[in-house]
Amino acid sequence: MMTARDRAPHGRGARAPRGRRGDCLRIEFGVLSDQGRVRSSNEDSFVADTSNRLFLVADGMGGHAAGEVASRIAASVVEEVVRTGGAGEAGARLRAAVRQANARVYETQRARDEYRGMGTTLTALMFDGPRYHVAQVGDSRAYLLREGVLEQLTRDHSLVWQLYESGILSKDEIARHSHKRLVTRAIGTHADVEVDLRSDVCREGDLYLLCSDGLTDVLGDGEVGGILAGPDASPEEICRRLVRAANEAGGPDNITVVVIRLGAER
């Protein structure tokens, strides 16, 4: 499922409209999903829903279209639960939505043999007044560029990230490691899932990036940060530059990027 609200047509490579006014700061965003140069299909999904200030990327796993099904289900459930979830602290609602997505994907893959073993990563960003909340399962990523400094807001749930945190690998070595695709946590592979949640205060000028590993497997943080910090670029143009750079580096996987800029209310 690829959705963009206020709605652009669904479809591979769809771009979202530029955004609308948020509760705290004006939200301007762009989205681009690309098959890459090697894969025969695109198993990534995204949501860009300004009505509920929700953005997410999901990178499906499973092959034979099962990965696409898993990411589409997960994105759809999170969007629906956030939209209809009612009152309550936003971070808790987002975490609950991700856990419901996990249950739905798990039930689907257990019920149908052709989907057995499918799963998906999921990285979601939600704004609530002056705060942002990031929910994370898997090895897609969320970044924040603030005052020229790039920070990865999420930690990868993968074997190579554990090696990185143990000091065995450098961050640059993660993408080149032979076991880089071994995730330790995913949506839908087990009946329940632990969801990482990070919450903090957002600021005018913040630039957020959500991306599947088709981007970060071929571009380092320095390259990503340089593109994000490029002058005179809209979020849509930043998305195009990121995807173009990933494809120029070989494009071995699907590439999905969501870029969100917070500006002052007009």
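The values are calculated or read from the model by the stated rules, or taken from the named source; none is laboratory data. Predicted model only: the values in this text are computed from it and were never measured. With ideal geometry, Cβ positions are generated from the backbone for all residues, glycine too; neighbour counts draw on all protein chains shown.
Data overview
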| item | result |
| --- | --- |
| Among the candidates Gly167, Gly148, residue that is touching a residue at least 12 places away in the same chain (Cβ under 8 Å) and at positive phi | Gly148 |
| The listed residue being touching a strand residue (DSSP E or B) at 6+ places or on another chain (Cβ under 7 Å) and either free of Cβ contacts under 8 Å to residues at least 40 places away in the same chain or assigned to a helix (DSSP H, G or I) (or both), out of Leu215, Leu209 | Leu215 |
| Residue among Arg244, Arg261 that alone is crowded, with 17+ Cβ neighbours inside 10 Å and farther than 22 Å from Thr121 by Cβ | Arg261 |
| Residue within the range 132-143 that is under 20 Å from the mean Cα position of the chain (by Cα), surrounded by fewer than 19 Cβ atoms within 10 Å (Cβ to Cβ) and part of a loop (DSSP other than H, G, I, E, B) present | no |
| Only one of Ala92, Ala75, Ala87, Ala97 that is closer than 20 Å to Gly214 by Cα and of a type in the set (A, V, I, L, M) | Ala75 |
| Residue satisfying all of: in the range 34-49; out of contact with any Ser or Thr (no Cβ under 8 Å at 6 or more places or on another chain) and modelled with pLDDT of 95 or more; surrounded by the fewest Cβ atoms within 10 Å (Cβ to Cβ) among these | Val38 |
| Selection from the range 110-160 of residues that are among the polar types (S, T, N, Q) and modelled with pLDDT of 95 or more | Thr120, Thr121, Thr123, Gln136, Ser140, Gln152, Thr154 |
| Residue within the range 157-177 that is buried (at least 20 other Cβ atoms within 10 Å of the Cβ), in a loop (DSSP other than H, G, I, E, B) and not aromatic (Phe, Trp, Tyr) present | yes |
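Residue by residue, here is whether (1) in contact with a Cys (Cβ under 7 Å, 6 or more places away or on another chain); (2) farther than 26 Å from Val243 by Cα; (3) at pLDDT 95 or above holds:
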{"site": "Asp172", "(1), (2), (3)": "no, no, no"}
{"site": "Ser178", "(1), (2), (3)": "no, no, no"}
{"site": "Ala191", "(1), (2), (3)": "no, yes, yes"}
{"site": "Glu194", "(1), (2), (3)": "no, yes, yes"}
{"site": "Leu197", "(1), (2), (3)": "no, yes, yes"}
{"site": "Gly205", "(1), (2), (3)": "no, no, yes"}
{"site": "Leu209", "(1), (2), (3)": "no, no, yes"}
{"site": "Gly225", "(1), (2), (3)": "no, no, yes"}
